[in-house]
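Shown next, in structure tokens, is the structure this report addresses.
The values are calculated or read from the model by the stated rules, or taken from the named source; none is laboratory data. Note that the structure is a prediction, hence the values are computed from the model and not measured. Reconstructed Cβ throughout: ideal geometry from the backbone, glycine too, with neighbour counts over all protein chains shown. Remember, those area values only see protein heavy atoms, side chains included, never the ligands or the DNA or RNA. Shrake-Rupley method; radii C 1.70, N 1.55, O 1.52, S 1.80 Å.
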Amino acid sequence: MIRKSPRNPAIDGDAVVREALRTMDASNRRRFLKHSLTLGGLSLLTGCAIVDDASVETALLKVSRFNDKVQAWLFDPTLLAPTYPDSMITRPFPFNAYYSEDEIRQVDADNYRLEVTGMVADRHAWTLSELRALPQTDQVTRHICVEGWSAIGKWGGVTFSRFLARVGADTSARYVGFKCADDYYTSIDMPTALHPQTQLTLSYDGKPLPPRYGFPMKLRMPTKLGYKNPKHIQAIFVTNTYPGGFWEDQGYNWFGGS
Ligand SMILES: Nc1nc2c(c(=O)[nH]1)N[C@H]1C(S)=C(S)[C@@H](COP(=O)(O)O)O[C@H]1N2
Ligand SMILES: [Mo]
């Protein structure tokens, strides 16, 4: 079927959409097809008014460059990741980092302070006991690493949206960034930060988070791949400036949805 764009009769909408789909990676293509992409949708997504051949080119270029934007646009903040019974927890749960187990960072609990900066009303640094005094919940979810393994674990902590509300974060900001006690760093989009399963994690399997899994605190997001889940968090900042990430700056996809 050839469907001409009603506003732009010179453009073959179906052909443009087909071409856009061709430039996407397989997972984005699947999600796009689920949301039945139209020329209007493509124009919304890329922010390009598709009125002539030049704007078609611009829009297609944007699709191939901004797969992150594509994913953020398709991210459904109400969709929950699957949860599992305790009996399905993977034991032992794997360790992974950009270094080996003998180099795991040892963070001192007494001297630990969580820095909170950027677009927040309350910039005070948190002690571990202050964090532990906040309301906590558990989740049993699947962690998926791009290196080809996945495992089910049980994490406990503070729902991150509650924490952001507590520190008076400007939730109209684009990013939340994380700096870790090793040289790791990463960042997420605000809709993911506010997702109900995004958790400031203080415990693993009912016990204080051990060093190997990110003592004293990590961010757990079952909607994101493993590398987006920072361990040993020392600083959290809310910003409109793109903060990148350790693996993301080496070419991993920034959105990193699972
Ligand atoms: N600080 C820090 N966080 C990190 C990493 C790291 O090297 N340093 N590796 C990431 C990757 S790639 C994965 S798969 C998970 C592994 O978490 P686990 O050790 O709890 O399985 O941590 C993520 N968060
Ligand atoms: Mo990973």
Which condition from (1) over 30 Å from residue 182 (Cβ atoms); (2) in contact with an Asp or Glu (Cβ under 6 Å, 6 or more places away or on another chain); (3) at pLDDT 75 or above is the one that residue 105 breaks? (1)
For region 114-148, give me the residue count where each residue is of a type in the set (D, E, K, R) and assigned to a strand (DSSP E or B). 3
Which condition breaks for residue 196 when tested against (1) out of contact with any Pro (no Cβ under 9 Å at 6 or more places or on another chain); (2) surrounded by fewer than 20 Cβ atoms within 10 Å (Cβ to Cβ)? (1)
So which residues in region 202-232 are within 16 Å of ligand 2 (Cβ to nearest atom) and either closer than 26 Å to residue 111 by Cβ or not assigned by TED's automatic domain parsing to the domain that holds residue 132 (or both)? 212, 213, 214, 218, 219, 220, 229, 230, 231, 232
Select from region 203-212 the residues that are more than 11 Å from ligand 1 (Cβ to nearest atom) and not in a loop (DSSP other than H, G, I, E, B) and write down the one among them that is least open to solvent (accessible area, probe 1.4 Å). 203
Within region 124-143, how many residues turn out to be in contact (Cβ under 8 Å) with a residue 12 or more places away in the chain and surrounded by fewer than 18 Cβ atoms within 10 Å (Cβ to Cβ)? 9
Scanning region 213-248 residue by residue, those in a strand (DSSP E or B) and over 18 Å from residue 138 (Cα atoms) turn out to be 233, 234, 235, 236, 237, 238, 239
Being among the charged types (D, E, K, R) and surrounded by fewer than 22 Cβ atoms within 10 Å (Cβ to Cβ) is the filter here; which residues of region 213-258 pass it? 248, 249
Of all residues making up region 94-104, the number that are out of contact with any helix residue (DSSP H, G or I) (no Cβ under 7 Å at 6 or more places or on another chain) and surrounded by 15 or more Cβ atoms within 10 Å (Cβ to Cβ): 2
Could you say whether any residue in region 247-254 is within 15 Å of ligand 2 (Cβ to nearest atom), charged (D, E, K, R), more than 12 Å from residue 198 (Cβ to Cβ) and at pLDDT 95 or above? no
Search result, residues across region 221-241 that are within 26 Å of residue 147 (Cα to Cα) and small (Gly, Ala, Ser): 226
Looking only at region 154-164, filter to residues that are open to solvent by less than 20 Å² (accessible area, probe 1.4 Å) and part of a strand (DSSP E or B); which one of those is farthest from ligand 2 (Cβ to nearest atom)? 158
Looking for whichever is touching a Ser or Thr at 6+ places or on another chain (Cβ under 9 Å) and away from ligand 1 (no atom under 16 Å from the Cβ) here; the options are 159, 198, 192. Which one fits? 159
Out of 109, 151, report the one residue that is farther than 17 Å from residue 243 by Cβ, in the same structural domain as residue 229 (by TED's automatic domain parsing) and assigned to a strand (DSSP E or B). 151
